[in-house]
Every structure is written in structure tokens, then in C-alpha cells.
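Colleague: Quick one: the structure is below, and I'll ask about it shortly.
The values are calculated or read from the model by the stated rules, or taken from the named source; none is laboratory data. Quick caveat: nothing in here was measured; it's all calculated off a predicted structure. Here the Cβ positions follow ideal geometry from the backbone for every residue, glycine too, while neighbour counts run over all protein chains shown. Heavy atoms of the whole protein, side chains included, go into the accessibility calculation; ligands, DNA and RNA do not. Shrake-Rupley method; radii C 1.70, N 1.55, O 1.52, S 1.80 Å.
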Amino acid sequence: RRWSGEGQHVLMLCRREFHGFNPFAGREDDPAELGVIVAAHNTDLCIVGLVGIVDPPRKEIPSVVDICRRAGIRVFMVTGDFALTAAAMRTYLNGLLASIAW
């Protein structure tokens, strides 16, 4: 929650051991079949760690938003991020955009 609140994308790294067989062997070139196998074996995972990735907005955002708004275009932020990450990005963007005269 803390990392998401700081605007980071958070990935959980997990692993699973297969004793005596490898369900993925020989199927590396078939993405559809790999997807089915991964879904079937996506249980009994051991959490190895968490990774936080910072992906800041591009530096051009303030000038692009300024140009759009001057042209009468309403600008909205649409994201599929986790709610805390999206809220942190909104706060960050509001700070970046504060210098633009509306």
C-alpha cells in the first residue's frame, strides 16, 4: 500500500517447484498452450518478494495539456492502475500542471 501510494507499480514475484516433471517443457513456442498450463498450475505459489517500479509521466505532459486546454479540449486522466497508484499519479500530475495558466 505504501509503494502504491507513492505512485509505484507493484509486482509480486512468486515461484513454484515442480518435483519430477516440468509442465512447460517442449511447449515454449505455443503461447496459447502455455497460458492454459500456467493457469492450471497457478496454485501453491511461494512469494519471493515485491518489486516497485516507478514510471513517471513524460516530461512533455504539462505542455501537451496546456496546448490542449488552450484549444478548448477538456483533458481527463484514464488509467487501469490500482486505485492508490492512480491517486498518487493524479496528485503528482496536479503538481506538474499547477504552473499552467487556465
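Colleague: Once mean projected area of the Cα convex hull in nm² is worked out from the coordinates, which option in (i) 12.9; (ii) 16.4; (iii) 9.9 does it equal?
Modeller: Structure-derived value, by its label: (iii).
Colleague: Dipole of segment 4-64 (Lys/Arg Cβ +1, Asp/Glu Cβ -1, origin at the Cα centre): which of 46, 35, 9 lies farthest to the positive side?
Modeller: After comparing all options, I get 9.
Colleague: What's the magnitude of the charge dipole for segment 50-89 around its Cα centre, counting Lys and Arg as +1 and Asp and Glu as -1 at the beta-carbon? Answer in Debye, nearest 20.
Modeller: Using only the charged Cβ atoms, the result is roughly 220 debye.
Colleague: Magnitude of the Cβ-charge dipole of segment 1-54, K/R +1 and D/E -1, about the Cα centre, nearest 20 debye?
Modeller: The calculated dipole for segment 1-54 is roughly 360 debye.
Colleague: Could you please put 76, 21 in sequence from largest to smallest accessible area, using a 1.4 Å probe?
Modeller: Reading off the accessible areas and sorting them downward yields 76, 21.
Colleague: Right, something else. May I ask you to rank 36, 64 by accessible area, largest first, using a 1.4 Å probe over the protein chains only?
Modeller: Largest accessible area first, the residues go 36, 64.
Colleague: Would you tell me the accessible area of residue 45, worked out with a 1.4 angstrom probe on the heavy atoms of the protein chains, in Å² to the nearest 10?
Modeller: Approximately 80 Å² for this residue.
Colleague: Could you check the spin-label model distance between residue 1 and residue 97? Points 7 Å from the Cα along Cα→Cβ, value in nm.
Modeller: Spacing of the two 7 Å Cα→Cβ label points: 2.8 nm.
Colleague: Using DSSP to call loops (not H, G, I, E or B), can you name the trypsin sites (Lys or Arg not before Pro) in segment 20-102 whose Cβ has at most 16 other Cβ atoms within 10 angstrom?
Modeller: 27, 58, 59, 74
Colleague: If you don't mind, another one. Roughly how many debye, to the nearest 20, is the charge dipole of the chain about its Cα centre, given +1 on each Lys and Arg Cβ, -1 on each Asp and Glu Cβ, and no other charges?
Modeller: For this selection, approximately 700 debye.
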